[in-house]
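The values are calculated or read from the model by the stated rules, or taken from the named source; none is laboratory data. No experiment lies behind these values; they were computed from the predicted model shown. Neighbour counts run over all protein chains shown; Cβ positions are idealised from the backbone, glycine included. To get the accessible areas, we keep the full protein, side chains included, count just its heavy atoms, and leave off ligands, DNA and RNA. Shrake-Rupley method; radii C 1.70, N 1.55, O 1.52, S 1.80 Å.
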Amino acid sequence: MEASPQWFDETLRRNEGVCIVFYRGNWCQFCKAYLKVFDTLREDMEEHGFKIYGISAEYPDMTARTRKAWGLSFELHGNPSNTLVKRLKEDNIIDLTITPRKGFENGFIQPGLLFIQNIDGKPKVILAWASELDKGKGAWGRPQPADSWDAVKKTLRSQSKPELQEIPRTTFGSLCNVCALQ
């Protein structure tokens, strides 16, 4: 399946949270290692309502073969037209770099990471990171998957409503006695 803008909108509607790892392609060993680390976080992420997807500029049949070859448990999708990447930039969600490369008619996507939470049908970006090739970071500048996920969980905790604990009945009596004395 192609990761089109329509796919993105539907994916956000269907999930409480989405993690998208943008990767170069099946030839990138850094991407393979990076995605494999995210695969180890998948269960914890799903317990917190987040589903992981990998997206590259490859054709969907290639991403399906890559998923199988790399042994990943989450879905990989292709976006050879780069329409999703362009839409995300237009919507000021994430500004990913598209680089020319032989075999990629519309260029390939440089690494990126996006966590979005669905709050009452409205997407909220929790974390967005895009490779900064102009600063010479490339694949080496990627944030650590576990650190990124920990930062997202910390943000989710700070957004949550505090748990209301029931006050024991004995406390009510002493509160009432204090009020009566005033």
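Normalised radius of gyration (Cα atoms, divided by 2.2 N^0.38 Å) for region 1-127: 0.98.
The simple spin-label model puts a point 7 Å past each Cα toward its Cβ; for Asp147 and Lys86 those points are separated by 3.4 nm. Per residue, region 1-119 exposes 46 Å² of accessible surface when a 1.4 Å probe is rolled over the protein heavy atoms with every protein chain present.
Would you work out the relative contact order for region 1-106, in percent, from Cα pairs under 8 angstrom that are 6 or more residues apart?
For region 1-106, the relative contact order is 29 percent.
Listed values for region 100-109 are Karplus-derived 3J(HN,Hα) couplings in whole Hz (6.51 cos²θ - 1.76 cosθ + 1.60, θ = phi - 60°), namely x, 7, 4, x, 10, 3, 10, x, 10, 7, and x replaces Gly and Pro.
Spin-label model, Glu43 to Ile119: label points 7 Å out along the Cα-to-beta-carbon direction sit 3.0 nm apart. Of the accessible area of region 43-154, with the probe set at 1.4 angstrom, what percent is carbon plus sulfur? Within region 43-154, the accessible surface is 49 percent carbon and sulfur. Can you give me the long-range amide H partners of Phe22? Hydrogens built in the peptide plane at 1.01 Å from N, cutoff under 5 Å, separation of 5 or more residues or another chain. Residues meeting the amide H criterion: Ile55, Gly112, Leu113, Leu114.
Structural descriptor for region 43-154: relative contact order 18 percent, calculated from alpha carbon pairs under 8 angstrom and at least 6 residues apart.
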